[in-house]
Ligand SMILES: Nc1ncnc2c1ncn2[C@@H]1O[C@H](COP(=O)(O)OP(=O)(O)OP(=O)(O)O)[C@@H](O)[C@H]1O
Ligand SMILES: [Mg+2]
């Protein structure tokens with residue numbers, strides 16, 4: 001992986017929601033093509049904010065983001081979709097008053113000609129969604145919503161996929177499925193950056209992990225190294241559990 | 001058309017209608033008796049001119065539907081703007097007046113003038129082209145407003161209360177501008193008298209029938225747009241969640257621009273038809289209508305695309321039918337009373353969904 005070119009480079013990001021209050025205080029990350037990156041960290045560390053800042057949903061006040069060498073700092077989210085970035089937010093990640101099919105159609109908004117073709121692909125990945133395509137997304141369970149959200153983000157065949165806690169709220173079997181699916185998507189060549197609370201699982205499958213704390217990327221190492229790192233265990237993983 | 005509107009919602013809406021209807025019938029039977037007993041001379045004359053008491057009710061019910069349809073045209077844009085941007089646009093009433101006034105300006109045979117220009121002239125176009133131009137100019141005004149004011153405020157992330165205050169200011173500015181331009185007296189778009197036809201107990205003019213048809217076609221058009229076109233579905237997506245819409249690749253600002261153009265055009269059409277229906281429109285008629293539009297949109301379910309339609313019909317019918325028993329001056333107060341009663345039972349409005357938790 002280390003010989004692959006850098007595809008996404010975030011350099012010293014300062015960002016926040018309200019004027020004068022920075023949530024990210026110098027967050028950096030370098031992602032190589034085809035990598036599966038896991039981001040872990042305590043609640044409120046700024047993980048979601050970091051993904052949103054990469055994706056143009058939170059204004060970046062200082063620092064820069066480049067995608068394949070091109071400056072994309074503060075580009076609008078729809079412009080990033082055009083450049084091949086996909087994003088699954090942690091919360092509010094479906095359009096509740098739209099049907100499942102309409103949700104997926106919105107995912108393919110910029111490539112509506114290929115919508116039919118993409119639908120068959122999604123039908124292979126998530127057969128339930130196609131069976132229930134006329135159901136309103138607002139009436140789905142949390143786990144089913146996660147599926148819709150993931151499928152929506154895949155409609156444009158992104159090169160880089162940002163996932164914010166894709167396994168949150170899923171039953172253990174579904175969580176496994178999600179991790180395996182994420183790994184599979186990554187194997188097809190998609191660069192994946194995932195934030196996870198299920199840190200052990202996440203670190204087991206990812207190439208590299210980042211630990212985020214108080215708005216800075218504290219350190220990075222391979223997933224296996226982080227799993228064994230005494231400081232990570234003490235501060236974050238906890239000592240219980242496998 | 002409404003395939004995706006789920007059935008339970010429609011059922012609930014139907015239920016509210018049925019309860020309201022039962023309520024009306026009850027009041028009619030009880031109230032009718034009381035009326036016959038009372039020796040009020042005014043009631044007696046109105047009853048005499050329109051034959052039996054039941055006929056007044058039917059006539060007013062019909063008038064209510066007409067008024068409700070026109071109100072729906074005016075308020076559907078208000079609802080779309082609220083849905084996509086979160087803004088309660090207090091200047092929407094002036095958009096209604098504006099469309100009618102431009103049409104008057106183009107269609108009247110009297111000499112007209114533009115503010116600050118010292119001479120006057122007559123344009124004197126036939127009504128239909130004048131109305132089409134009036135609607136187009138209003139739609140253009142909606143585009144311009146979003147471009148120079150609203151999109152700038154959104155980009156700078158100005159909070160909603162501040163934006164609302166700007167819209168109140170704009171409303172005052174526009175209503176005064178229209179008064180300065182057109183004057184304080186109501187104007188008529190056409191001088192010809194609309195002959196009334198009698199259909200059973202209901203008497204109605206041809207222009208009103210045409211207006212109803214146009215309003216129904218326009219409203220069906222809006223529903224078709226929202227339900228069956230990609231752009232319309234994207235509009236609903238933006239109403240649901242603008243950030244997610246953007247993350248899906250939708251240019252949210254372009255959608256909002258389209259919504260402004262549509263809202264302004266529909267408001268103008270509503271204003272023109274209202275001016276024809278009530279045979280004249282004053283500089284502040286739209287302003288007066290604003291409260292009813294807000295009531296209709298809230299009653300139907302804030303931000304719900306079809307809420308404005310349902311709410312407007314109910315408000316229109318209640319306002320008109322109440323004049324059978326109550327003085328006409330009270331009709332809007334009655335409509336607002338209904339709004340409050342319905343909200344007590346369904347706080348989210350008739351079609352609004354109570355947000356699920358978690
Ligand atoms: N929309 C918002 N407006 C203002 N502040 C916000 C907003 N969203 C998040 N914050 C603040 O930013 C900080 C970081 O939040 P963020 O959602 O990035 O945390 P996180 O690391 O994703 O946490 P979690 O693991 O709980 O999802 C929090 O202190 C939060 O209060
Ligand atoms: Mg988060």
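Nothing in this text is a laboratory measurement; each read-out follows from the coordinates by a stated rule. Owing to the predicted nature of the structure, the values given are computational and were not obtained by experimental measurement. As a convention, Cβ positions derive from the backbone with ideal geometry for all residues, glycine included, and neighbour counts pool all protein chains shown.
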Per the filter on segment A:32-66, residues surrounded by 22 or more Cβ atoms within 10 Å (Cβ to Cβ), away from ligand 2 (no atom under 16 Å from the Cβ) and over 20 Å from residue A:218 (Cα atoms) are A:56
(message) Residues that are outside any helix (DSSP H, G or I) and within 16 Å of ligand 1 (Cβ to nearest atom): does segment A:127-142 have at least one?
(response) no
Could we say that residue A:186 is crowded, with 17+ Cβ neighbours inside 10 Å, in contact (Cβ under 8 Å) with a residue 24 or more places away in the chain and more than 16 Å from ligand 2 (Cβ to nearest atom) here? yes
Considering only helices (runs of 4 or more DSSP H) wholly within segment B:236-311, the ones with at least 1 residues that are away from chain A (no Cβ under 14 Å) and within 30 Å of residue B:129 (Cβ to Cβ) are B:252-277, B:285-300
Reported set for segment A:7-42 where residues are within 16 Å of ligand 1 (Cβ to nearest atom), assigned to a loop (DSSP other than H, G, I, E, B) and in contact (Cβ under 8 Å) with a residue 24 or more places away in the chain is A:16, A:17, A:22, A:23, A:41, A:42
Determine whether segment A:204-215 contains at least one residue that is touching a helix residue (DSSP H, G or I) at 6+ places or on another chain (Cβ under 9 Å), more than 16 Å from ligand 2 (Cβ to nearest atom) and free of Cβ contacts under 8 Å to residues at least 60 places away in the same chain. yes
Hey, residue A:24 surrounded by 22 or more Cβ atoms within 10 Å (Cβ to Cβ) and more than 14 Å from ligand 2 (Cβ to nearest atom) or not:
no
Of (1) under 27 Å from residue A:34 (Cα atoms); (2) at the interface with another protein chain (Cβ under 10 Å from one of its Cβ atoms); (3) in contact with a helix residue (DSSP H, G or I) (Cβ under 7 Å, 6 or more places away or on another chain), residue A:79 fails just (3)
Of the listed residues (A:57, A:80), the one being out of contact with any strand residue (DSSP E or B) (no Cβ under 6 Å at 6 or more places or on another chain), away from ligand 1 (no atom under 16 Å from the Cβ) and without any contact (Cβ under 8 Å) to a residue 40 or more places away in the chain is A:80
Being free of Cβ contacts under 8 Å to residues at least 60 places away in the same chain, surrounded by 17 or more Cβ atoms within 10 Å (Cβ to Cβ) and outside any loop (DSSP other than H, G, I, E, B) narrows B:132, B:106 down to just B:106
Taking the condition touching a strand residue (DSSP E or B) at 6+ places or on another chain (Cβ under 8 Å), closer than 28 Å to residue A:134 by Cβ and more than 7 Å from chain B (Cβ to nearest Cβ), does residue A:118 pass? no
Original post:
Are any of the residues in segment B:268-276 surrounded by fewer than 24 Cβ atoms within 10 Å (Cβ to Cβ) and over 12 Å from the mean Cα position of the chain (by Cα)?
Top reply: no
Original post:
Quick check: is even one residue across segment A:167-180 surrounded by fewer than 16 Cβ atoms within 10 Å (Cβ to Cβ), within 16 Å of ligand 1 (Cβ to nearest atom) and over 15 Å from the mean Cα position of the chain (by Cα)?
Top reply: yes
Of B:117, B:125, B:174, the only residue that is surrounded by 15 or more Cβ atoms within 10 Å (Cβ to Cβ) and not in a helix (DSSP H, G or I) is B:125
- Message: So for segment B:203-212 (the condition being within 14 Å of another protein chain (Cβ to nearest Cβ) and in contact (Cβ under 8 Å) with a residue 24 or more places away in the chain), does at least one residue qualify?
- Response: no
The residue that is nearest to the other protein chains (Cβ to nearest Cβ), considering only those in segment A:44-54 that are near ligand 1 (Cβ under 10 Å from one of its atoms) and in contact (Cβ under 8 Å) with a residue 60 or more places away in the chain, is A:51
Exactly one of A:87, A:95 is more than 21 Å from residue A:192 (Cα to Cα) and either more than 10 Å from chain B (Cβ to nearest Cβ) or not in a helix (DSSP H, G or I) (or both), and that residue is A:95
Among the residues of segment A:43-76, the number that are at positive phi and part of a strand (DSSP E or B) is 1
Of those in segment B:311-326 that are surrounded by 24 or more Cβ atoms within 10 Å (Cβ to Cβ) and within 24 Å of residue A:97 (Cα to Cα), the residue nearest to the chain's Cα centre (by Cα) is B:312
Exactly one of A:79, A:146, A:110 is part of a helix (DSSP H, G or I) and under 19 Å from residue A:7 (Cα atoms), and that one is A:79
Conditions (1) within 16 Å of ligand 1 (Cβ to nearest atom); (2) within 16 Å of the chain's Cα centre (by Cα); (3) in a strand (DSSP E or B) -> residue A:192 fails only (1)
Test: residue A:152 is more than 16 Å from ligand 1 (Cβ to nearest atom), touching a helix residue (DSSP H, G or I) at 6+ places or on another chain (Cβ under 6 Å) and in a helix (DSSP H, G or I): yes
